[in-house]
Amino acid sequence: MPSTLARYERIAPFYDLLDLPFEARRYRPLRPLLFEGLSGRLLDAGVGTGRNFPFYPPDSTVTGIDISPAMLARAERRKDQSRARLELRQMDVTDLSFAAGTFDAVISTFLFCVLPDDQQVPALRELARVAKPGAPIRLLEYVRPQGGLRRAITYMWQPWVNWAYGAGFDRHTEQRLPEAGLQLVSSRFVMFDLLKLITARS
Ligand SMILES: C[S@@+](CC[C@H](N)C(=O)[O-])C[C@H]1O[C@@H](n2cnc3c(N)ncnc32)[C@H](O)[C@@H]1O
C-alpha cells in the first residue's frame, strides 16, 4: 500500500481538477468558517494546494505545512490569493519543528480524514503542543453518515477515495481528542451529517 506521501506526490498534478466540483459546490462556502474570529500567527496543517488561501484573515501570519512537496509546489503558485503573510514548509504533522506554544490558532481542512488511524493521536498531540495554551484548533472533516442513502454512497466512494487520497470516513478524530490531551469546544455538522467542523483546545 502506498504511503500518504506517495499518494499525494502521485495525485498532486490532478488534485485541483478532480476536486473542482466538490470545491466549488461544497467546500468553498465552508472554508470561511474555519477562520472566524482568528488573528495573529496561524498554522494551516496539511495545506495542500492552498485552497484556504483566499480566506486567511488579512492581518494574520500563516504558516502552511504539508508532507508532499508536489502539493506544496502547487500551493506556491497560488500564494497571491492570500492577503495574509504566508510561508509554506514541508513537514509531517506528526513531527512539527515548531516550538511549543507558537501559534494563536491552528486550522486543518480534510487532513485528519486522510491520516491513518495510528497517526491521528500523534498528529492531534503535535497540534496541541504547537498551539498556545487554550488556543483554538479547528478541523473540517468528513465523517460517516449515520444512515440512509448518504451513508450508502460513502461506502460506494470508499475504494476510490482510499486509493486516490488515502481517505476514510471512519477516522473518529473527535473521539480521539481526550487521548491527545485536548478538550472539545464545539462540534457541528456543516453539510448534512457528512462534513463536521470541530473546535478543540488544550
Ligand atoms: C485531502 S488534502 C487537503 C488539502 C487542503 N487542506 C484542502 O483543504 O484542500 C490532504 C493534505 O494533507 C497532506 N498530508 C497528508 N498526510 C500528512 C502529514 N502526515 N503531514 C502533513 N501533511 C499531510 C497531503 O499531502 C494533502 O496535501
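The values are calculated or read from the model by the stated rules, or taken from the named source; none is laboratory data. None of the values given here were measured: they were computed from a predicted structure. Positions of Cβ are generated from backbone atoms using ideal geometry, with glycine treated the same way; all protein chains shown enter the neighbour counts.
Specify the residue that is farthest from GLY166 (Cα to Cα); the eligible residues are those in the stretch 67-104 that are under 13 Å from the mean Cα position of the chain (by Cα) and in contact (Cβ under 8 Å) with a residue 40 or more places away in the chain.
VAL93
The rows are residues; the columns are (1) within 9 Å of the ligand (Cβ to nearest atom); (2) crowded, with 19+ Cβ neighbours inside 10 Å; (3) closer than 19 Å to THR49 by Cβ; (4) of a type in the set (A, V, I, L, M, F, W, C).
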| site | (1), (2), (3), (4) |
| --- | --- |
| ALA99 | no, no, no, yes |
| THR102 | no, no, no, no |
| PHE110 | yes, yes, yes, yes |
| VAL114 | yes, yes, yes, yes |
| GLN119 | yes, no, no, no |
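Results for (1) away from the ligand (no atom under 12 Å from the Cβ); (2) crowded, with 18+ Cβ neighbours inside 10 Å; (3) closer than 20 Å to ALA131 by Cβ, shown as yes or no for each residue.
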{"position": "GLY37", "(1), (2), (3)": "yes, no, yes"}
{"position": "GLY50", "(1), (2), (3)": "no, yes, no"}
{"position": "ILE65", "(1), (2), (3)": "no, yes, yes"}
{"position": "SER68", "(1), (2), (3)": "no, yes, no"}
{"position": "MET71", "(1), (2), (3)": "no, yes, no"}
{"position": "ARG85", "(1), (2), (3)": "yes, no, yes"}
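Scan the stretch 18-35 residue by residue and report those that are more than 8 Å from the ligand (Cβ to nearest atom) and not aromatic (Phe, Trp, Tyr).
To start, the set of residues in the stretch 18-35 that are more than 8 Å from the ligand (Cβ to nearest atom) comprises 18, 20-22, 24-26, 28-30, 32-35.
Matches in the stretch 18-35: LEU18, LEU20, PRO21, ALA24, ARG25, ARG26, ARG28, PRO29, LEU30, PRO32, LEU33, LEU34.
Somewhere in the stretch 15-30, is a residue touching a strand residue (DSSP E or B) at 6+ places or on another chain (Cβ under 8 Å), aromatic (Phe, Trp, Tyr) and under 24 Å from SER187 (Cβ atoms)? Break it down stepwise before answering.
Step one: of the stretch 15-30, the residues touching a strand residue (DSSP E or B) at 6+ places or on another chain (Cβ under 8 Å) are 26-27, 30.
Then drop every residue that is not aromatic (Phe, Trp, Tyr), which leaves 27.
Now drop any that are not under 24 Å from SER187 (Cβ atoms), which leaves 27.
Taking every residue of the stretch 15-30 in turn, at least one turns out to be touching a strand residue (DSSP E or B) at 6+ places or on another chain (Cβ under 8 Å), aromatic (Phe, Trp, Tyr) and under 24 Å from SER187 (Cβ atoms).
Starting from the stretch 1-28, take each residue that is of a type in the set (Val, Ile, Thr) and list its partners that are within 11 Å of the ligand (Cβ to nearest atom) and in a helix (DSSP H, G or I), counting only C-beta distances under 8 angstrom and pairs at least six apart or across chains.
Between residues of the stretch 1-28 that are of a type in the set (Val, Ile, Thr) and residues that are within 11 Å of the ligand (Cβ to nearest atom) and in a helix (DSSP H, G or I), the close pairs are ILE11/LEU18; ILE11/ALA164; ILE11/TYR165.
Can you name every residue in the stretch 159-171 that is surrounded by 13 or more Cβ atoms within 10 Å (Cβ to Cβ), in a loop (DSSP other than H, G, I, E, B) and not aliphatic (A, V, I, L, M)? Walk me through it before giving the result.
Initial filter on the stretch 159-171 (surrounded by 13 or more Cβ atoms within 10 Å (Cβ to Cβ)): 161-169, 171.
Now restrict to residues that are in a loop (DSSP other than H, G, I, E, B): 166-169, 171.
Correct list: GLY166, GLY168, PHE169, ARG171.
LEU33 is checked against (1) under 22 Å from THR199 (Cβ atoms); (2) at pLDDT below 95 and fails just one. What number does that condition carry?
The single condition LEU33 does not satisfy is (2).
Out of the residues in the stretch 172-187 meeting the condition of being without any contact (Cβ under 8 Å) to a residue 40 or more places away in the chain and within 16 Å of the chain's Cα centre (by Cα), tell me which one is surrounded by the fewest Cβ atoms within 10 Å (Cβ to Cβ). First the steps, then the outcome.
Here is the first cut: in the stretch 172-187, the ones without any contact (Cβ under 8 Å) to a residue 40 or more places away in the chain are 174-175, 178, 183-184, 186-187.
Narrowing the set further to residues that are within 16 Å of the chain's Cα centre (by Cα) leaves 174, 187.
Numbers: GLU174: 17, SER187: 14.
Ranking the qualifying residues of the stretch 172-187, first place goes to SER187.
Quick one: would you say SER39 is in contact (Cβ under 8 Å) with a residue 60 or more places away in the chain, farther than 29 Å from ASP117 by Cβ and of a type in the set (Ser, Thr, Tyr)?
Working: in contact (Cβ under 8 Å) with a residue 60 or more places away in the chain: yes; farther than 29 Å from ASP117 by Cβ: yes; of a type in the set (Ser, Thr, Tyr): yes.
Yes: the conditions hold for SER39.
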